[in-house]
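Visitor: This is the structure, below, for whatever I ask next.
The values are calculated or read from the model by the stated rules, or taken from the named source; none is laboratory data. Note that the coordinates shown come from a computational prediction; the quantities given were computed from them, not determined experimentally. Positions of Cβ are backbone-derived with ideal geometry, glycine not excepted, and every protein chain shown enters the neighbour counts. Note: areas computed on protein heavy atoms with side chains; ligands, DNA, RNA excluded. Shrake-Rupley method; radii C 1.70, N 1.55, O 1.52, S 1.80 Å.
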Amino acid sequence: MACFIVPGAEAIVVTAAALILKQREAKKAALPQPTGVPAGSVQSEAKQGFSRKLFWLAGLLWGGVVLLAFEHLWHGEVQPFFPFLTAATEGAGAVAEMLSEMASVGVTMAVLVTAVWAVMLVVSRSIEKRPAAKAEAQA
Amino acid sequence: MTLLLTVFAAVIATAVWYQKNDKTLLLGLLCWMFWGASLMWLVDAVFEYIELRAKYFTPAPEDMINDSFLGLSVIALALVIWVVALLIKDPRGVIKARLKK
């Protein structure tokens, strides 16, 4: 009915967090590095990047939300005018059903997408380590 | 059918993204949209399966046609969003060069 609202809310929060983090990383990169790594160097750029990974989660969430919103529009569960959610015009029973679906399906959607993103983080970390491991083996 | 079509679109988009390895094509946008929607529809499908059990796998022909039509429309919408983003961002400067002519 309106399950996509839950991942939509998560998408807003994640995007805001990623933007704030990106700004902080940019400020940090502009400062001289404490370890002696010059600001803006490849080494200092490699250290930043969690904001980029947060944008992956935002991408997954926004992508899904946009296409699911279209599906809900298709099924007449969402309308392009106030109150936007068809259930809101169908009485308290429909609203309760909508909220129950949001709490079950919507929350599961948000959790699954976040879990898949967490797996992506682990995999990407192991991929990032790969060239260094190969270089060590060759040496 | 919507889930199935979106998963196929996600796999194809990801394969093309990996093969091209070209940021200027913005293929990542298509991958995020299709995979995000696939994951969310997977959850929808699981909940529907819990409710319908075996009946979930034997939909009425009319429902299947409607779902297929929806799946294709979703893919079309995602492709339109991608093309619009590509034209607006213009990473290769094609539009800018054309406008300067």
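Visitor: Kindly report the accessible area of the protein assembly as shown per residue (heavy atoms of protein chains, probe 1.4 Å, no ligands, DNA or RNA), in Å².
Guide: Details: 15230 Å² over 240 residues.
With all protein chains present, the protein assembly as shown gives 63 Å² per residue.
Visitor: Ok, one more. Under 5 Å between amide H atoms, partner at least 5 residues away or on a different chain: which partners does A:Leu85 have, H built in plane at 1.01 Å?
Guide: Amide H neighbours of A:Leu85: A:Gln79.
Visitor: Mind ranking B:86-92, A:111-117 by how tightly packed they are, going by the mean number of other C-beta atoms within 10 angstrom, highest first?
Guide: Per-residue Cβ counts within 10 Å, averaged per peptide and sorted highest first, yield A:111-117, B:86-92.
Visitor: Another question about this same structure. Volume per residue, Å³, of the convex hull around the alpha-carbon atoms of region B:2-100?
Guide: 96 Å³
Visitor: Let me ask something else. Shielding by partners for B:42-52, please: the mean number of other protein chain Cβ atoms within 10 Å of each residue's Cβ.
Guide: Details: counts 4, 13, 8, 0, 3, 6, 1, 0, 0, 0, 0.
Average neighbour count from other chains, rounded to a whole number: 3.
Visitor: Chains B and A: buried accessible surface, both sides, probe 1.4 Å, rounded to 100 Å²?
Guide: Working: alone 7910 and 9350 Å², together 15230 Å².
Roughly 2000 Å² of accessible surface disappears when B and A pair.
Visitor: Given the C-alpha centroids of region B:1-58 and region A:52-66, what is the distance between them in whole angstrom?
Guide: What the calculation gives is 14 Å, centre to centre.
Visitor: Enter the mean number of other protein chain beta carbons within 10 Å of the beta carbon of each residue in A:96-107, as an integer. Please report the intermediate quantities before stating the final value.
Guide: Details: counts 0, 0, 0, 0, 0, 2, 0, 0, 2, 6, 2, 1.
The shielding value for this peptide is 1.
Visitor: Then there is this: For region A:56-127, what ratio Rg/Rh do Cα atoms give with a Kirkwood hydrodynamic radius?
Guide: Working: Rg = 15.7 Å, Rh = 14.0 Å.
Taking Rh as the inverse mean 1/r over Cα pairs, Rg/Rh reads 1.12.
Visitor: Let me ask another. What's the percent breakdown of Cα-Cα distances in the protein assembly as shown across 10 Å bins, shortest bin first?
Guide: 7, 24, 31, 22, 11, 5, 1, 0
Visitor: Output the peptides A:84-92, A:53-61 sorted from most to least packed, where packing is the average of other Cβ atoms within 10 Å over each peptide's residues.
Guide: Working: A:84-92: 13.4, A:53-61: 22.0.
In decreasing order of mean packing, A:84-92, A:53-61 become A:53-61, A:84-92.
Visitor: List, in order, the whole-Hz ³J(HN,Hα) value for each residue of region B:19-29 obtained from phi through the Karplus relation with A = 6.51, B = -1.76, C = 1.60 and θ = phi - 60°; use x for Gly and Pro.
Guide: 5, 6, 6, 10, 5, 5, 8, 6, 5, x, 4
Visitor: What order, most packed first, do the peptides B:3-10, B:17-24, A:2-9, A:101-108 have when packing is the mean number of other Cβ atoms within 10 Å of each residue?
Guide: On the way: B:3-10: 20.0, B:17-24: 11.4, A:2-9: 23.0, A:101-108: 18.2.
So the peptides B:3-10, B:17-24, A:2-9, A:101-108, ranked by packing, come out A:2-9, B:3-10, A:101-108, B:17-24.
Visitor: In peptide B:26-35, what is the residue-averaged number of other protein chain Cβ atoms found within 10 Å of each Cβ? Provide the component values of the computation, followed by the final result.
Guide: On the way: counts 0, 0, 3, 3, 1, 3, 11, 8, 3, 7.
That average works out to 4.
Visitor: Students often get this wrong, so check it: of A:Lys53/B:Lys101; B:Lys20/B:Lys55; A:Lys22/B:Lys89; A:Lys22/B:Lys100, which have C-alpha atoms separated by over 31 Å? Numbers along the way, then the final one.
Guide: Working: A:Lys53/B:Lys101 39 Å; B:Lys20/B:Lys55 41 Å; A:Lys22/B:Lys89 20 Å; A:Lys22/B:Lys100 33 Å.
Violating the 31 Å Cα-Cα cut-off are A:Lys53/B:Lys101; B:Lys20/B:Lys55; A:Lys22/B:Lys100.
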